[in-house]
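Every number in this text was worked out from the coordinates using simple rules, so none of it is lab data. Computed from a predicted model, the values in this text were never measured in an experiment. All Cβ positions, glycine included, derive from the backbone under ideal geometry; neighbour counts span all protein chains shown.
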Amino acid sequence: MAKIVLKSTYVSDECETCGLNFASGFDVTIDGEPFGDYEAIATCFGSSSHEASAVLKDILEHFGHTVEGDCV
Ligand SMILES: [Zn+2]
């Protein structure tokens, strides 16, 4: 069995013009190896957040499963 570790990350960036930008992401490892790129990025020009459901879908697909549904 693989050991999967998800650590949630959070970044914020305060801009004098735009105010507060924030994003959430994950550091993911599978059996100690980094998996995917779910870095949270917060900028004035658009933030990049990642949902846990999407991360879990990628992990399941990594292990050969097919995931369908409207929440992933
Ligand atoms: Zn700005």
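Just a few scattered comments:
- Test: F35 is among the aromatic types (F, W, Y) and over 22 Å from A2 (Cα atoms): no
- Among residues of the range 20-31 that are more than 20 Å from G46 (Cα to Cα), those with a beta-carbon under 7 Å from a residue that is part of a strand (DSSP E or B) and among the charged types (D, E, K, R) at least six positions away or on a different chain give the pairs D27/K7.
- Test result for S8, under 8 Å from the mean Cα position of the chain (by Cα), within 20 Å of C71 (Cα to Cα) and without any contact (Cβ under 8 Å) to a residue 60 or more places away in the chain: yes
- Of the residues screened, F35 is not one that is free of Cβ contacts under 8 Å to residues at least 60 places away in the same chain and within 16 Å of the ligand (Cβ to nearest atom).
Conditions tested, residue by residue: (1) among the small types (G, A, S); (2) touching a residue at least 12 places away in the same chain (Cβ under 8 Å); (3) loosely packed, with under 15 Cβ neighbours inside 10 Å.
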residue: A2; (1), (2), (3): yes, yes, yes
residue: T17; (1), (2), (3): no, yes, yes
residue: G46; (1), (2), (3): yes, no, yes
residue: K57; (1), (2), (3): no, yes, no
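- Residue in the range 49-60 that is within 16 Å of the ligand (Cβ to nearest atom) and part of a loop (DSSP other than H, G, I, E, B) present: no
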